[in-house]
Amino acid sequence: MSRRLNWWPLALVVIEETDVMREHGHAGYQRRWCAHIHPDFADDPGLLAHELEHVAQWWRAPLSHGRRYRKNEAYRFHAELEAFRAQLRAYPAERRDYYVGHLAKRLATYYGFDLTPDEAAEALR
Ligand SMILES: [Zn+2]
């Protein structure tokens with residue numbers, strides 16, 4: 001396991017595999033000011049940007065972000081769209097089309113939103 005501070009948004013970045021990752025197949029997740037990244041993705045700038053965007057969302061509303069994320073699908077969709085867009089910006093611009101397709105599939109498949117990969121790609125653009 002390794003840890004380092006990210007200064008904006010202020011976050012503790014923890015590189016480790018957790019039970020949450022093992023149970024749900026996630027490569028990363030955010031909890032309050034911590035961004036947890038699976039060791040296999042420690043060098044993935046997009047995943048880090050995605051989780052740090054969620055940390056920034058938490059800092060904007062630390063008392064309500066987690067509850068709203070869990071209970072309000074429209075809020076969760078908006079939060080994920082922001083995080084996926086931050087992830088896209090972290091990847092090389094010349095591979096943007098590839099990453100839009102890749103991330104759109106993930107957004108349409110793993111988050112319980114009622115949308116197709118094409119609709120997800122449209123939302124990401
Ligand atoms: Zn996310």
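Values in this text are rule-based calculations from the coordinates and carry no lab data. The structure displayed is predicted, hence computed values, not measured ones. Positions of Cβ are generated from backbone atoms using ideal geometry, with glycine treated the same way; all protein chains shown enter the neighbour counts.
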Study note, to complete from the structure: Cα pairs beyond 17 Å in the stretch 73-125, in percent, come to 26 percent
Point to revise | Rg over Rh [alpha-carbon atoms, Kirkwood Rh] for the chain | key: 0.95
**Study point:** Förster radius 30 Å - calculated FRET efficiency between residue 3 and residue 81 (Cβ-Cβ, nearest 0.05)
**Key:** 0.60
Check your understanding: Tell me, 12, 63 in order of fewest to most beta-carbon neighbours within 10 Å?
Key -> 63, 12
Review point. Which value, in debye to the nearest 20, describes the size of the charge dipole of the stretch 15-125 about its Cα centre when Lys and Arg Cβ atoms bear +1, Asp and Glu Cβ atoms bear -1, and nothing else is charged?
Key: 520 debye
Check your understanding: When DSSP assigns beta bridges and you keep just the ones with both residues in the chain, what percent turn out antiparallel, to the nearest 5?
Key -> 70 percent
Revision key, fill the gap. Loop-resident GluC sites (Glu not before Pro) in the stretch 1-58 with no more than 11 other Cβ atoms inside 10 Å, DSSP not H/G/I/E/B, are none
Exercise for review: Report the relative contact order of the chain, percent, no decimals, based on alpha-carbon pairs under 8 angstrom and at least 6 residues apart.
Suggested key: 17 percent
**Study point:** Extended-chain gain in nm, criterion 0.36 nm per residue less alpha-carbon gap, residue 105 and residue 70
**Key:** 10.5 nm
